[in-house]
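Worksheet for the structure shown next.
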Amino acid sequence: MSRQRLPLNPAGERLEALLRQRIVYLDGAMGTMIQQLKLQEADYRGDRFASHPGQLKGNNDLLVITKPAVIRDIHRAYLDAGADILETNTFNGTSIAMEDYAMTDLVRELNTEAVKVAREAVDAFKAANPGKDAFVAGAIGPTNKTLSMSRDVNDSAKRDVTFVQVRDSYREQVDALIDAGADLLLCETVFDTLVLKAALFAIDEAFEARGFRIPVMISGTITDQSGRTLTGQTTESFWNSVRHAQPISIGMNCALGGEQMRPHIAELARKADIFVSCYPNAGLPNPLSPTGFPKAPKTPPPSSRPSPATAWSISSVAVAAPRPPTSPRSAAAPKSIRPASLVPSPPRSSSPDSSR
């Protein structure tokens, strides 16, 4: 069933309208904000998981259960700094990812609580700021598995998981996010498009089962200066591989900083006929930096700052390590800039690369 045949949720309609009016801002990174709190093993465990086997420190998704106030405060700080969209703390919220912590049975609860915590922050913000809108995006990470390539250099056919297993794992997460009331879904940091397609398959199934759809954002990651994803796709190839899913936006995040990411975002803006997103990394990890990353979050880097002349219809920048009080999504952020008008995509290239 085509997604366009299903009615869009009310929040999705509001988001689409807002995207046509101005630049829309995502929140910043959750992981670096948690890192600055220097939480210990006991903080992750709480009373409920005091006797759980294995280390739990580092399982940031678990904090929506054991330390919900911590996550809620981070969400609210980003809203106060100017974010329009909050991502739920569910980047690793699948059974495949939670297997590392022997917590696969918590997937539905984790995702449900994550949406609840984010929604509480949004509701409180809107109550304190009448007339302002904000949205909860169910964050969907890439898992720690690949489908397009083998981890065993001696066996190119070997896979740790099957497509069906990945699809089923995502379906459990997607069902929980939608049922808990997420306004949209964000499939991010995609390095293996086949894993993403398993997620999109699960999302389609979830929409059909409910008889309505919510917006889906897709964001891939270029892993190095070659301009390709980990599994070898160029920016154009990545777009052509997922355009059938009819996302509300296509973009890039994570691995590259603003300067290195700009040409790839510019290419997406030229090729895609939908909104474009951009949230670069703040440089490679630096343990000597207060935030853990070298780039300062005070202002968007000039190399990735949107302007009226750019063909970016949705843009958020430098989110890998911003502190909310000085986030680029502050009152000084360029929200007054109108996005470029969407134009039809040019004909698909017949080059071998674009067909991947």
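Only the coordinates and a few stated rules stand behind these numbers; no lab work does. Keep in mind the model is a prediction, meaning the values are calculated, not measured. Because the Cβ atoms are built from the backbone with ideal geometry, glycine has one as well, and the counts that use them run over all protein chains shown.
Our estimate of slack between Lys158 and Asp273, defined as 0.36 nm per intervening residue step minus the Cα-Cα distance, is 37.7 nm. Neighbour counts of C-beta atoms inside 10 Å place Glu113, Glu208, Glu87 in the sequence Glu208, Glu113, Glu87, starting with the fewest.
With a simple spin-label model that places each label point 7 Å from the Cα along the Cα-to-Cβ direction, the separation between Ala69 and Asp100 comes to 2.9 nm.
Neighbour counts of C-beta atoms inside 10 Å place Tyr279, Tyr44 in the sequence Tyr44, Tyr279, starting with the fewest. With both labels modelled 7 Å from their Cα along Cα-to-Cβ, the Ser150 to Ala17 distance reads 5.4 nm.
Under conditions of 20 °C and 1.002 mPa s, segment 14-170 yields 124 µm² s⁻¹ as its translational diffusion coefficient, taking Rh as the Kirkwood radius over Cα pairs in the Stokes-Einstein equation. Residue by residue, segment 59-73 carries 3J(HN,Hα) couplings of 7, 4, 4, 5, 5, 5, 9, 8, 9, x, 5, 4, 5, 4, 5 Hz when phi is fed to the Karplus relation 6.51 cos²θ - 1.76 cosθ + 1.60 (θ = phi - 60°); x denotes Gly or Pro.
Cross-link check: pairs Lys38/Lys132; Lys38/Lys67; Lys67/Lys197; Lys145/Lys197 evaluated at a Cα-Cα cut-off of 21 Å; pairs beyond the cut-off: Lys38/Lys132; Lys67/Lys197. By the count of neighbouring beta-carbon atoms within 10 Å, fewest first, Met149, Met252, Met30 end up ordered Met149, Met30, Met252.
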